[in-house]
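The values are calculated or read from the model by the stated rules, or taken from the named source; none is laboratory data. All figures in this text were calculated on a predicted structure; none of them were measured in a lab. As a convention, Cβ positions derive from the backbone with ideal geometry for all residues, glycine included, and neighbour counts pool all protein chains shown. Side chains are part of the model used for accessible areas, which takes the heavy atoms of the whole protein and leaves out ligands, DNA and RNA. Shrake-Rupley method; radii C 1.70, N 1.55, O 1.52, S 1.80 Å.
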Amino acid sequence: MFRMLGKRVELIRYIVKWQETQGEETIEMEERCVSEEHKNEIEQKLTERGIPFSTESIAQAGNEWFEGLEFDSYDEALEVFNAGREAYEQKKQLQELTDNLRLRADIDYLAIMTGVDV
Amino acid sequence: MQPMYHGIVNSPVTELADEIDADATTIEVVDGSKLPNAPNIATIGTGEDAETILYEQKTGNILSDVTRGFQGTAKAWPAGTKVSRMFTEYDHASFRQNIQELNTTLSDHTGNPVIHPRVFQQDTPPDNPQDGDLWINTSDDVYQGTVFAQLQQEIAAHKAEIATSTQLGHVKVGQNLAIDPDGTLHAQASGGKKVARFVIGTSTAGWTENDVDYLCDGVDDQEEINAAIQALPASGGEIVILDGTYNIGARIDVNKNSVTIRGNGSATVLKRMWNSGSNEGVITLNSVSNCKIENLQIDGNRSAYTSTNNCGIYLFSSDNNTITGNTFNNNSRGIYLTDSHNNTITGNTCNYNNFGIYLYLSDNNTITGNTFNDNDNASGIYLANSDNNTITGNTCNNNDTGITLSSSDNNTVTGNTCNNISFGIYLYASDNSTITGNICNKNGYGIYLIDSNNNTITGNTCNNNSEGITLFSSNNHTITGNTCIRGTGQPSDYTSSQYTIHLSGSGNSYNLISSNNCMGKDVAIDGGPGNTSVNNKYN
């Protein structure tokens with residue numbers, strides 16, 4: 001479980017849930033917290049307002065590799081997250097290999113065209 | 001009436017064809033065309049000795065059935081004496097006499113004689129008073145001979161008011177007055193149509209029976225007001241409530257169409273003095289249309305009467321009405337509409353209520369330019385199951401929530417100011433609305449949508465909120481061109497739980513968030529498929 005702040009992935013560590021009364025409706029609220037500081041801040045606000053809440057810890061063991069990665073969209077991030085770390089690493093290595101080969105080809109082309117040994 | 005005879009242009013002259021004696025009643029002239037048709041008069045001779053005759057017949061050059069010496073002395077005249085239709089003393093005398101007679105006997109179009117009041121300013125009453133006579137004694141007390149005189153007195157009073165005020169309880173400056181044959185005094189509408197109108201005052205403010213049609217006494221004042229409404233014709237009319245505080249012990253029931261109730265702004269106070277067992281207003285419009293409630297102050301007296309059914313004004317199944325320029329303070333609901341459509345609510349102030357204005361099952365209403373402040377524990381404007389309403393240019397500050405749309409679709413919320421405690425604008429299960437150009441600063445949440453779809457959120461300013469714009473379980477929104485910043489827009493201006501735009505929870509999908517000013521913190525998306533965040537400025 002994670003969220004995107006702009007392009008950056010942040011793992012969800014806690015979920016704080018409470019109820020708000022709005023007019024004649026009671027609505028379920030939740031805050032997905034990315035740190036203990038974040039969770040404490042929410043809990044303090046609710047405590048000051050006298051609103052009961054519950055806090056759930058989210059197990060993120062094994063997901064730390066995902067923290068801080070950047071993607072263009074949540075959907076893209078979710079696809080990578082669901083594929084898992086190994087697939088991500090393989091894809092990343094493949095991408096790096098492809099990039100290196102492309103760079104080597106560019107250098108060879110420049111050497112041939114300029115007559116300079118690289 | 002004296003007979004009056006035609007003249008003839010330039011008074012042409014003919015002559016006697018033959019001599020005549022003083023007794024002749026048939027007279028021949030040389031050219032009869034020089035004289036007007038009979039009956040008419042003609043003058044024989046000139047100067048001080050002339051004789052005016054009256055002829056009943058004229059055939060060619062022959063005048064017959066002649067009255068001799070009609071004016072002047074009948075006498076013998078020789079042939080060739082000049083004869084003409086001269087302007088005579090008789091003409092002038094008949095004009096005067098007839099005009100004077102008309103002046104005293106003329107009838108109006110209804111057949112009633114026109115009365116010319118005489119005004120007597122003296123110590124003692126005039127002898128033999130006539131219809132319309134006014135007697136003003138040395139103390140300036142005015143007495144009248146008949147009801148006509150009383151009406152004259154009322155008109156004088158109205159004129160005095162018109163001269164001293166730009167807008168009065170009775171009539172506006174420039175408004176015409178009319179008197180019906182039955183003595184009823186009316187204000188005239190611009191088209192000349194008469195408007196039935198009753199004036200209400202209260203003795204507690206110093207009004208007397210001479211000032212008003214219905215005089216309240218400070219207890220159950222709704223009785224006089226309701227009596228005035230019932231006395232209006234079925235086609236409606238106006239109720240004018242003069243300055244003063246009116247204690248209302250049961251609802252003022254507007255139960256006929258086209259009724260206007262008008263006060264004098266904050267000087268006319270209708271104060272609630274009872275608890276309602278079901279939804280009721282101090283003024284209740286029940287299944288009526290084209291009514292207008294304006295310039296009244298309705299005090300819900302919530303410190304003493306706390307029922308949640310207490311409304312300032314309640315419209316039930318009432319369409320096409322106008323509520324304008326009123327103050328509805330200290331009610332459970334300042335303005336409450338149920339099953340009421342196409343109404344215009346403009347320029348009112350609703351403070352210190354539970355809800356400022358509440359619409360339930362009410363569509364196509366316009367709520368513009370009102371003030372809804374300090375409505376505790378609830379909303380300034382609250383729509384429940386109400387669609388296609390326009391909410392524009394209202395001020396909703398220091399409420400729990402500024403504007404709430406609950407299960408209400410296709411509404412337009414534009415140009416409002418909502419600086420409140422919890423939510424600026426709150427949508428719950430409300431779809432296809434447009435939220436544009438509003439200012440929602442210093443709330444917990446500037447704009448908050450939950451379980452809502454297909455709304456357009458553009459060009460709003462949501463600064464210094466804990467969260468500028470927040471979506472929860474909401475789909476297919478367009479959120480563009482909004483400004484949502486805290487402080488000076490530095491990352492340090494935000495704590496972990498403060499956001500510019502936040503898609504909260506994993507239940508939001510297919511929302512487009514673009515071209516917003518989110519300085520200091522980029523858009524946060526907790527989850528959900530198909531959300532797009534592009535071109536937002538955050539650093």
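Quick one: in the range A:1-29, of everything that is under 22 Å from B:Phe423 (Cα atoms) and within 7 Å of chain B (Cβ to nearest Cβ), which residue is most open to solvent (accessible area, probe 1.4 Å)? In this case the residue turns out to be A:Glu25.
The residue that is nearest to A:His38 (Cα to Cα), counting only those in the range B:514-529 that are open to solvent by less than 30 Å² (accessible area, probe 1.4 Å) and more than 11 Å from chain A (Cβ to nearest Cβ), is B:Gly520. Within the range B:23-62, the set of residues being open to solvent by 20 Å² or more (accessible area, probe 1.4 Å), more than 13 Å from B:Tyr5 (Cα to Cα), in contact with a strand residue (DSSP E or B) (Cβ under 8 Å, 6 or more places away or on another chain) and assigned to a strand (DSSP E or B) comprises B:Glu28, B:Gln57, B:Lys58, B:Ile62. Within the range A:62-115, the set of residues being aromatic (Phe, Trp, Tyr) and either at pLDDT 90 or above or open to solvent by 60 Å² or more (accessible area, probe 1.4 Å) (or both) comprises A:Trp65, A:Phe66, A:Phe71, A:Tyr74, A:Phe81, A:Tyr109.
Looking across the range B:412-429, the residues that are open to solvent by less than 40 Å² (accessible area, probe 1.4 Å), within 10 Å of another protein chain (Cβ to nearest Cβ) and touching an Asp or Glu at 6+ places or on another chain (Cβ under 8 Å) come down to B:Ser422, B:Phe423, B:Ala429.
Sub-7 Å Cβ pairs linking a first residue in the range A:30-55 that is within 10 Å of chain B (Cβ to nearest Cβ) to a second residue that is assigned to a helix (DSSP H, G or I), at least 6 apart or interchain, are A:Glu31/A:Ile42; A:Cys33/A:Lys39; A:Cys33/A:Ile42, ordered by first then second residue. Looking only at residues of the range B:367-389 that are outside any strand (DSSP E or B) and open to solvent by 10 Å² or more (accessible area, probe 1.4 Å), we find that the one that is nearest to B:Asn295 (Cα to Cα) is B:Gly369. Condition check: crowded, with 22+ Cβ neighbours inside 10 Å and assigned to a loop (DSSP other than H, G, I, E, B). Does B:Ser340 satisfy that? When the stated conditions are applied, B:Ser340 passes them. Here B:Ile403 qualifies as open to solvent by less than 10 Å² (accessible area, probe 1.4 Å), within 14 Å of chain A (Cβ to nearest Cβ), of a type in the set (A, V, I, L, M) and over 28 Å from the mean Cα position of the chain (by Cα).
Here the condition is being in contact (Cβ under 8 Å) with a residue 12 or more places away in the chain, under 15 Å from B:Ile248 (Cα atoms) and either assigned to a strand (DSSP E or B) or aromatic (Phe, Trp, Tyr) (or both); of B:Ile298, B:Ile335, B:Ile323, it holds for B:Ile298 alone. Looking for something touching a Phe, Trp or Tyr at 6+ places or on another chain (Cβ under 8 Å), assigned to a strand (DSSP E or B) and farther than 24 Å from B:Asp319 by Cα - is there at least one such residue anywhere in the range B:279-295? For the range B:279-295, residues touching a Phe, Trp or Tyr at 6+ places or on another chain (Cβ under 8 Å), assigned to a strand (DSSP E or B) and farther than 24 Å from B:Asp319 by Cα: absent.
Do we have any residue at all in the range B:218-234 that's open to solvent by less than 10 Å² (accessible area, probe 1.4 Å), part of a strand (DSSP E or B) and not acidic (Asp, Glu)? For the range B:218-234, residues open to solvent by less than 10 Å² (accessible area, probe 1.4 Å), part of a strand (DSSP E or B) and not acidic (Asp, Glu): absent. Within the range B:491-507, being of a type in the set (S, T, N, Q) and at the interface with chain A (Cβ under 10 Å from one of its Cβ atoms) holds for B:Thr495, B:Ser496, B:Ser497, B:Gln498, B:Ser504, B:Ser506. Of the residues making up the range B:448-459, at least one is open to solvent by less than 40 Å² (accessible area, probe 1.4 Å), under 24 Å from B:Asn377 (Cβ atoms) and more than 10 Å from chain A (Cβ to nearest Cβ). Listed conditions (1) more than 13 Å from B:Gly281 (Cβ to Cβ); (2) open to solvent by 10 Å² or more (accessible area, probe 1.4 Å) are all met by B:Arg333, apart from (1). In summary, A:Gly68 fulfils each of the numbered conditions (1) in contact with an Asp or Glu (Cβ under 9 Å, 6 or more places away or on another chain); (2) of a type in the set (Gly, Ala, Ser); (3) within 11 Å of chain B (Cβ to nearest Cβ) with the single exception of condition (3). Criterion applied to B:Val288, B:Val259, B:Val269 was being in contact with a Gly (Cβ under 7 Å, 6 or more places away or on another chain) and open to solvent by less than 40 Å² (accessible area, probe 1.4 Å), and the one residue passing it is B:Val259. Among the residues making up the range B:341-399, those that are of a type in the set (D, E, K, R) and under 22 Å from B:Gln297 (Cα atoms) are B:Asp374, B:Asp376. Among the candidates B:Asp376, B:Asp339, B:Asp409, the residue that is among the charged types (D, E, K, R) and within 13 Å of chain A (Cβ to nearest Cβ) is uniquely B:Asp376. As a summary of the residue check, B:Thr478 satisfies the conditions (1) within 14 Å of chain A (Cβ to nearest Cβ); (2) surrounded by fewer than 18 Cβ atoms within 10 Å (Cβ to Cβ) except for the one numbered (1).
Taking strands (runs of 3 or more DSSP E) as the structural unit, those lying wholly within the range B:437-531 and holding at least 1 residues that are within 46 Å of the chain's Cα centre (by Cα) correspond to B:445-450, B:456-458, B:467-472, B:478-480. Whether any residue in the range B:430-439 is at pLDDT 95 or above, open to solvent by less than 40 Å² (accessible area, probe 1.4 Å) and within 12 Å of chain A (Cβ to nearest Cβ) is what I want to check. So far as the range B:430-439 goes, yes, one or more of its residues are at pLDDT 95 or above, open to solvent by less than 40 Å² (accessible area, probe 1.4 Å) and within 12 Å of chain A (Cβ to nearest Cβ).
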